[in-house]
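The values are calculated or read from the model by the stated rules, or taken from the named source; none is laboratory data. All figures in this text were calculated on a predicted structure; none of them were measured in a lab. We place every Cβ from the backbone using ideal geometry, glycine too, and count neighbours over all the protein chains shown. These accessible areas exclude ligands, DNA and RNA; they are computed on the full protein's heavy atoms, side chains included. Shrake-Rupley method; radii C 1.70, N 1.55, O 1.52, S 1.80 Å.
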Amino acid sequence: MNLRLLRRARLWVSMVAGALAVLLPAGVMTAVNAQAAAGCRVAYAVTSQWPGGFTADVGVTNLGDPINGWRLAWTFPSGQQVTQPWNSTITSSGAQVTAVNVSWNAAIATNASVSFGFNGSWSGANTAPSTFTLNGVTCTGNVGSPSPSASPSRSPSPSPSPSPSPSPSPSPSPSASPQPGDAMARVAAMQPGWNLGNTFDAIPDETSWGNPPTTQAMLHYVRSQGYNSIRIPITWSDHHGPAPDYTLDAAWLSRVRQVVDWSLAEGFYVMINLHHDSWQWINGYPGDRTTVMNRYNALWRQLAGAFRDHSQKLVFESINEPQFTGTSGDGESDQVLNELNTAFVRLVRASGGGNATRLLVLPTLYTSSEQARLDALTGTFNQLHDPNLAATVHFYGWWPFSANIAGGTRYDSNVESDLVGGFDRVYNTFVSRGIPVIIGEWALLAYDYTRPGIIERGEFLKYIEAVGYNARIRKLTTMLWDAGSFLERNELRWRDQGVYEMMKASWTMRSGTASSDQVYLPRSGTITARSLTLNLNGTSFQGLRQGGTNLANGTDYTVSGTTLTLTAAALTRLAGNRAYGVNATIEARFSQGAPWQISIITSDPPTQAAATGTTSSFSIPTQFRGDQLATMEAKYADGSPAGPANWTSYKEFWASFQPDYTANTIILKPEFFAEVNDGRVTLTFHFWSGTKITYYITKSGANVTGSTT
């Protein structure tokens with residue numbers, strides 16, 4: 001077995017502990033000799049538990065002769081089920097469960113340990129198993145002879161790489177950590193991850209982009225919410241001296257070290273990098289190789305030295321979203337990136353100490369998941385032959401949906417195929433070969449609490465659910481990009497608790513959704529029944545609830561296949577006085593996962609009025625009457641698209657237009673008019689109720705008029 005395989009075979013020797021922990025003795029077979037002495041201890045710990053789900057760690061210590069190939073079996077006393085294992089392959093038959101080693105942890109030396117874990121589901125009770133058997137031998141508690149009926153153990157066939165560990169553990173656990181050389185397990189243990197965005201990457205300082213200073217309390221809160229890793233993007237451009245030494249600013253490095261140490265103390269895996277340096281100066285490398293490489297090496301040499309003896313839970317990422325100027329194209333840029341990535345790995349490894357085996361993360365060009373970019377990075381991995389490397393890409397979804405342009409308002413087949421295609425490519429290129437992948441940033445480009453309405457909430461929830469599921473089944477670790485849009489850092493709460501709950505559920509299970517999270521009703525007249533299509537995603541529909549009250553099947557709603565119909569009587573009651581806007585919120589509940597909120601909304605078709613203004617200041621008076629704007633089309637008289645992105649008539653939400661529900665206007669932006677020809681333009685406003693309104697504007701130089709006819 002070569003050195004690389006040996007490194008990948010080793011596991012950290014540690015016992016697990018936590019709530020409901022039990023220590024149990026077990027007899028164990030030797031690898032070949034059926035008469036050899038045998039014995040073991042098993043530590044079973046539930047490290048986190050939430051309604052319907054839990055995370056467990058299992059540690060096995062071999063007290064007898066060395067074994068090669070193990071099979072641990074137990075019976076769940078309360079009918080629990082394993083939903084997501086890591087570091088073992090787990091099968092179940094009723095309440096009986098069997099965990100089998102994976103390819104790199106088959107061997108357990110005398111007095112050595114292996115550990116594995118899983119997420120599970122429970123109902124009613126979550127009682128710990130009382131008995132374990134190892135390789136068919138019941139627990140004895142001592143070193144002794146194995147059962148005569150037991151057959152010698154054998155090494156199982158090689159198993160797939162371990163699934164990610166999406167453990168929502170609320171606090172640091174003393175459970176075993178993967179050791180250097182087991183990059184797949186280390187990256188799996190990082191799932192899920194969170195980005196401390198727009199903070200140390202801000203230019204020039206930590207609070208320059210509006211976020212508060214990072215505190216221990218904030219880090220503790222994020223850890224308590226189930227995140228196992230934190231990416232700390234750092235821009236160093238304004239925090240070092242001149243050539244040739246490029247000495248790091250001591251105060252800035254000290255502050256970075258403080259937050260890194262706080263994060264490690266919370267039990268996080270921590271990833272640091274060179275962030276906006278990528279486009280500030282690293283991008284000029286093709287035209288000035290000596291200067292840029294000297295600066296790049298100087299920074300990483302100092303960082304490697306500063307963190308040389310830090311925990312192996314500290315991870316280095318070479319460059320954020322690398323991009324280059326002055327190359328002939330992406331092919332040459334791939335070669336340029338290879339030079340920087342290999343220089344980074346060799347420099348860090350040569351610094352010794354913990355850096356000799358530290359997990360290092362290498363990006364593709366642009367952190368893209370295009371196959372050509374993945375193939376180029378594969379060449380770097382083949383060149384380096386280093387077992388402690390991971391690949392990283394970023395994922396912000398299908399661009400029209402991510403930005404709400406070109407009519408991309410819904411989570412549809414285009415969004416789904418883009419997601420599945422990208423995740424399939426990174427799995428097939430890297431994970432299937434035993435190279436772990438970190439989705440170092442993910443979200444949607446236009447999801448921003450300061451610009452509400454660009455992404456419809458229900459469509460975003462469907463995207464979240466799909467990202468979590470598709471990443472989990474492909475063993476990808478995901479790190480949410482949060483520049484302040486998800487966590488309210490001053491108050492330590494999620495800006496939208498339902499968004500967080502959907503993310504949390506996606507770490508371990510699927511959730512049901514529906515064709516929409518909105519039901520629109522008229523302000524006057526008779527209310528009729530309304531139907532939604534349920535997206536079960538492998539769950540089963542359990543019912544509807546308003547607050548603490550269950551709605552009545554047959555009276556308030558009916559279900560036929562995947563069609564959920566709300567009755568006229570129920571909708572009339574829920575609409576109340578039928579004031580414009582949201583009158584009531586109900587929840588669809590499924591057999592697992594997050595509930596699906598449905599808003600009952602009263603609206604009438606919006607109305608608009610004539611307006612005059614300029615290309616720098618123009619607003620259309622709009623009475624929204626309970627409705628919400630989805631998108632806007634702009635066309636010239638001949639039907640061709642008007643305005644920016646003239647390949648589509650559907651303009652980019654917020655960049656070209658913006659609703660102001662408080663002022664009852666729709667603002668047309670100067671950026672829109674900058675690319676509109678003089679003359680008449682037809683605007684079509686699409687609303688989430690399904691209503692469409694046509695409006696006309698005429699531009700003449702800097703002057704603009706608008707009318708409904």
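Among the residues of segment 395-415, just one is in contact with an Asp or Glu (Cβ under 7 Å, 6 or more places away or on another chain) and assigned to a helix (DSSP H, G or I), namely 403.
Put simply, of 645, 637 the only residue that is farther than 30 Å from residue 598 by Cα, within 32 Å of the chain's Cα centre (by Cα) and not hydroxyl-bearing (Ser, Thr, Tyr) is 645. Checking each residue in segment 658-704 for being touching a Gly at 6+ places or on another chain (Cβ under 9 Å) and under 23 Å from residue 626 (Cβ atoms) picks out 658, 659, 661, 668, 683, 686, 689, 695.
Residue-wise test of (1) open to solvent by less than 10 Å² (accessible area, probe 1.4 Å); (2) basic (Lys, Arg).
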{"residue": "454", "(1), (2)": "yes, no"}
{"residue": "463", "(1), (2)": "yes, no"}
{"residue": "468", "(1), (2)": "no, no"}
{"residue": "472", "(1), (2)": "no, yes"}
{"residue": "475", "(1), (2)": "no, yes"}
{"residue": "481", "(1), (2)": "no, no"}
{"residue": "484", "(1), (2)": "yes, no"}
{"residue": "494", "(1), (2)": "no, no"}
{"residue": "498", "(1), (2)": "no, no"}
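Residue count for segment 511-534 under the criterion of being under 20 Å from residue 563 (Cβ atoms) and open to solvent by less than 50 Å² (accessible area, probe 1.4 Å): the result is 14. Screening the candidates 709, 612, 622 for the property of being in contact (Cβ under 8 Å) with a residue 12 or more places away in the chain, in a strand (DSSP E or B), open to solvent by 10 Å² or more (accessible area, probe 1.4 Å) and out of contact with any Asp or Glu (no Cβ under 7 Å at 6 or more places or on another chain) yields one hit, 612. Which residue pairs have Cβ atoms under 9 Å apart, sit 6 or more places apart or on different chains, and have a first residue in segment 421-448 that is in contact (Cβ under 8 Å) with a residue 12 or more places away in the chain and in a helix (DSSP H, G or I) and a second that is of a type in the set (Phe, Trp, Tyr) and surrounded by 21 or more Cβ atoms within 10 Å (Cβ to Cβ)? Close Cβ pairs (under 9 Å, with a partner that is of a type in the set (Phe, Trp, Tyr) and surrounded by 21 or more Cβ atoms within 10 Å (Cβ to Cβ)) amount to 422/395; 423/395. State whether one or more residues within segment 320-342 are under 26 Å from residue 193 (Cα atoms), of a type in the set (Phe, Trp, Tyr) and out of contact with any Cys (no Cβ under 6 Å at 6 or more places or on another chain). So far as segment 320-342 goes, no, none of its residues is under 26 Å from residue 193 (Cα atoms), of a type in the set (Phe, Trp, Tyr) and out of contact with any Cys (no Cβ under 6 Å at 6 or more places or on another chain). Tallying residues that are over 17 Å from residue 71 (Cα atoms), of a type outside the set (S, T, N, Q) and surrounded by fewer than 20 Cβ atoms within 10 Å (Cβ to Cβ) within segment 118-142 yields 5. Applying the criterion of being within 32 Å of the chain's Cα centre (by Cα) and farther than 15 Å from residue 325 by Cα to the residues of segment 279-298, the residue that is surrounded by the most Cβ atoms within 10 Å (Cβ to Cβ) is 296.
When each of 405, 435 is tested for being crowded, with 21+ Cβ neighbours inside 10 Å and touching a helix residue (DSSP H, G or I) at 6+ places or on another chain (Cβ under 7 Å), the lone residue that passes is 435.
Here residue 420 meets the list (1) surrounded by fewer than 20 Cβ atoms within 10 Å (Cβ to Cβ); (2) farther than 28 Å from residue 337 by Cβ; (3) among the β-branched types (Val, Ile, Thr) almost entirely, failing just condition (2).
Checking each residue in segment 308-335 for being buried (at least 21 other Cβ atoms within 10 Å of the Cβ) and assigned to a helix (DSSP H, G or I) picks out 333, 334.
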